[in-house]
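Beneath this line is the structure, given in structure tokens, with notes to follow.
Readers should treat all values here as calculations from the given coordinates under stated rules, not as data from a laboratory. Just so it is clear, the structure is predicted and the values come from calculations on it, not from any experiment. Quick reminder, even Gly has a Cβ in these numbers, built from the backbone with ideal geometry, and neighbours come from all protein chains shown.
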Amino acid sequence: MKFFIDTANLDQIQEAQDLGVLDGVTTNPSLMAKEGITGLDNILKHYVDICNIVDGDVSAEVISTDFEGMIREGEALAELHDQIVIKLPMIKDGIKACKYFSDKGIKTNVTLVFSPGQALLAAKAGATYVSPFIGRLDDISTDGLNLISEIRHIYDNYGFETQILAASVRHTMHIIDCAKLGSDVMTGPLSAIEGLLKHPLTDIGLAKFLEDYKKGN
Ligand code: E4P
């Protein structure tokens with residue numbers, strides 16, 4: 001399972017990279033705004049800064065909602081760095097743009113996916129990644145993890161190569177459950193990744209080992 005971090009915060013991206021388990025980064029316009037990154041030049045520079053920290057794929061989202069605009073923006077983003085993945089919204093023109101980029105060998109991430117049918121369309125359009133938002137489904141009393149399971153089932157039925165990128169991951173158990181269900185990738189906050197480290201018996205055990213070592217030396 002690949003681990004992506006879902007942030008535009010360079011310090012957190014660096015911290016996850018230093019842990020040695022990071023496979024990529026996802027961003028979105030809200031995450032960029034949260035870091036105060038505004039204006040096209042600053043946004044483009046920030047994507048390059050992110051690519052220079054990590055080795056893997058970095059999703060950069062288009063703002064346009066029409067086909068021509070998405071192609072124009074996506075092509076400019078793809079030129080920035082070979083790690084850039086074009087993130088496209090799950091709307092009609094987004095699917096057309098996904099097909100356009102996948103035919104050109106440019107990686108895509110179809111975002112804002114909330115149903116198995118949407119995920120099926122994204123795979124048919126050749127998406128590299130499909131992003132089901134599990135946390136936002138949980139937020140409205142719908143089972144986000146069930147969507148991962150349904151997409152896994154459909155993709156396996158037909159051998160689709162589109163990778164399931166579980167998005168809107170909010171906490172550590174989401175990561176574990178997505179791994180059990182066979183999600184190819186998860187993207188979440190640093191806190192959810194670091195939560196995987198924690199077990200009180202590890203801390204108690206380590207304290208005892210160190211105490212016993214001191215006694216004998
Ligand atoms: C995915 O690519 C999105 O950036 C993200 O996972 C959305 O998460 P949220 O629902 O916590 O905003």
Under the rule a/c < 1.5 gives rounded, and otherwise a/b versus b/c splits prolate from oblate, where does segment 136-217 land using the Cα gyration tensor? prolate
Which order do the peptides 123-136, 33-46 take when ranked by the mean count of other beta-carbon atoms within 10 Å per residue, highest first? 123-136, 33-46
In percent, what relative contact order does segment 2-216 have, based on Cα pairs under 8 Å that are 6 or more apart in sequence? 15 percent
What shape does segment 51-176 have by the C-alpha gyration tensor, where a ≥ b ≥ c are the square roots of the eigenvalues, rounded means a/c under 1.5, and otherwise prolate means a/b greater than b/c and oblate the rest? prolate
Of L88, L196, how do they rank once you tally other Cβ atoms within 10 Å and put the fewest first? L196, L88
Note to self: C-alpha centroids of segment 149-217 and segment 1-61 sit apart, in Å, by 20 Å
Only helical DSSP H runs with n ≥ 4 go in: add -39500 (n - 2.57) per run for the chain, normalise by residue count and round the 222 nm mean residue ellipticity to 500 deg cm²/dmol. -16500 deg cm²/dmol
Hull-based mean projected area of the chain, where the convex hull spans the alpha carbons, in square nanometres: 14.2 nm²
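Considering only Cα-Cα distances, which of the following residue pairs are longer than 19 Å: K124/K180; K2/K45; K2/K87; K45/K87?
Pairs exceeding the cut-off: K124/K180; K2/K45.
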